[in-house]
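Trainee: What follows is a structure written as structure tokens; I'll ask about it next.
Coordinate-derived values only; no laboratory data. Given the structure is predicted, the values throughout are model-derived calculations rather than measurements. No Cβ is skipped: glycine too gets one built from the backbone with ideal geometry, and neighbour counts run over all protein chains shown.
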Amino acid sequence: MSEQVMPDPVVRVTDARELARDLVVIPNRRVQLVPNIGVIGGAHSVLVVDTGLGVENAETVLRFAAEFAKGRKLYLTTTHFHPEHAFGAQVFGGEATFLVNRAQAEDLKVKGPGYLEMFKELGEPVARRLQGVRPASPDLVYDQEHDLDLGGRVVRLRATGRAHSRGDQVVTVPDADVMFTGDLVEAGQFAIFPWFPPHDTDVSGVRWLAVMRRLAAQSPRVVVPGHGDVGGPRLLADVAAYLESLRDETWIRRDSAMSERTIAEEVKAVMLARHPDWAGQEWIEKGVGCLCAEHE
Ligand SMILES: [Zn+2]
């Protein structure tokens with residue numbers, strides 16, 4: 001990740017904000033490794049989207065969700081298996097039904113332990129939050145799509161196929177026209193490419209771009225990104241445009257047999273000039289590495 005010291009990734013429910021009737025987001029306040037967390041209610045059930053990093057954060061989220069639910073049945077889903085999104089799911093065991101798509105369940109099982117160790121290297125506050133964490137296994141697994149009936153409100157869970165990770169999932173609430181994207185979208189920052197060869201090379205810039213075009217075509221009223229401020233359909237278009245330009249700028253240089261290091265330097269300069277206010281510039285080079293590998 002970045003060279004700077006990682007702040008304590010604490011979830012604060014005091015800033016929870018209602019986006020639609022019976023639908024709130026606990027915002028990440030632009031704190032690294034804090035995701036935007038959704039709580040979506042229906043007549044008889046409530047769905048939580050993402051847990052926060054570690055046991056204590058997930059306990060905070062569960063307490064908030066239980067108060068919100070007022071006796072309604074609880075469900076939990078996670079947008080993908082990365083630690084700040086899913087490494088609190090164990091806390092919901094016995095309290096909520098945890099459901100995800102099959103590829104993500106596989107990610108949790110196969111990649112979860114490695115990511116746990118990798119994230120413990122990100123500094124003391126993160127390591128402390130990961131104490132006692134074990135990647136949880138879901139109670140329910142679906143293949144491509146699942147419609148979850150919360151009572152008078154159906155929530156759509158859709159596996160997108162490999163993009164930011166292998167098991168990415170988008171959650172939409174059609175009656176409120178709200179879409180939760182997980183890390184397929186980060187507002188105000190460069191797209192996070194978890195490109196860590198040889199350990200993890202699942203991220204695909206090419207597939208991610210195709211997914212973003214499909215999501216942008218749906219044009220939801222409200223988009224809740226994995227990180228950064230809640231916005232509208234523009235967020236989807238912005239990511240699609242960024243991924244497209246990252247691909248084009250990388251491939252045009254790859255065609256001329258430039259070294260990957262030089263490509264990364266040049267493309268980074270182009271992207272920083274185009275998006276001077278975006279955070280997370282360390283992810284540009286990772287994206288270039290991924291797209292170099294995807295170049296035919
Ligand atoms: Zn992620």
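Trainee: Can you compute the helix-only [θ] at 222 nm over the chain? Use -39500 (n - 2.57) per DSSP H run of at least 4 residues, normalise by all residues, nearest 500 deg cm²/dmol. Could you put the intermediate results ahead of the total?
Mentor: Values: 9 runs with 107 residues, N = 296.
That comes out to -11000 deg cm²/dmol.
Trainee: Can you compute log10 of I(q)/I(0) for the chain with the Debye formula, treating each Cα as one identical point scatterer, at q = 0.09, 0.12, 0.13 Å⁻¹?
Mentor: One equal scatterer on each Cα of the chain leads to -0.40, -0.72, -0.85.
Trainee: Now for a separate question. Can you run phi through the Karplus equation (6.51, -1.76, 1.60; θ = phi - 60°) for region 253-258 and list ³J(HN,Hα) in whole Hz, with x for Gly and Pro?
Mentor: Couplings: 7, 4, 4, 8, 6, 6 Hz.
Trainee: For region 199-296, which trypsin sites (Lys or Arg not before Pro) are in a loop by DSSP, counting at most 15 other Cβ atoms within 10 Å?
Mentor: Values: sites: 207, 213, 214, 221, 234, 247, 253, 254, 261, 268, 274, 286; in loops: 221.
Taking region 199-296 and a limit of 15 other Cβ atoms within 10 Å, the loop trypsin sites (Lys or Arg not before Pro) found are 221.
Trainee: Please compute the contact order of the chain in relative form: average sequence separation of alpha-carbon pairs under 8 Å and at least six residues apart, divided by the residue count, as a percent. Write out the running numbers ahead of the final one.
Mentor: Working: 638 pairs, mean separation 43.8, N = 296.
Relative contact order for the chain comes out at 15 percent.
Trainee: Can you list residues from other chains, or at least 5 along the same chain, whose modelled amide H is less than 5 Å from the amide H of residue 182?
Mentor: Residues meeting the criterion, in which the H sits 1.01 Å from N, are 226.
Trainee: Right, next: Within region 1-90, which GluC sites (Glu not before Pro) sit in a loop by DSSP and count at most 16 neighbouring Cβ atoms inside 10 Å?
Mentor: Values: sites: 3, 18, 56, 59, 67, 84; in loops: 3.
Filter output for region 1-90: 3.
Trainee: Against the longest alpha carbon principal axis of the chain, how many degrees, from 0 to 90 and to the nearest 10, is the axis of helix 54-69 turned?
Mentor: Value to nearest ten degrees: 50.
Trainee: Tell me which of 170, 242, 151 sits at the most positive position along the dipole axis of region 138-296, charges placed on C-beta atoms (Lys, Arg +1; Asp, Glu -1).
Mentor: 242
Trainee: Please state the charge dipole magnitude for region 13-293, taken about the Cα centre, from unit charges on C-beta atoms (+1 on K and R, -1 on D and E), reported in debye and rounded to the nearest 20.
Mentor: Numbers: 32 positive and 38 negative charges, 64 e Å.
It comes to approximately 300 debye.
Trainee: For region 193-291, run through the chymotrypsin sites (Phe, Trp or Tyr not before Pro) and keep only the ones in DSSP coil with at most 16 other Cβ atoms within 10 Å of their Cβ. Write out the running numbers ahead of the final one.
Mentor: On the way: sites: 195, 208, 242, 251, 278, 283; in loops: 195, 278.
Nothing satisfies the criteria.
Trainee: Which lysines have a Cα less than 27 Å from the Cα of residue 120, not counting those fewer than 8 places away in the same chain?
Mentor: List returned: 109, 111, 286.
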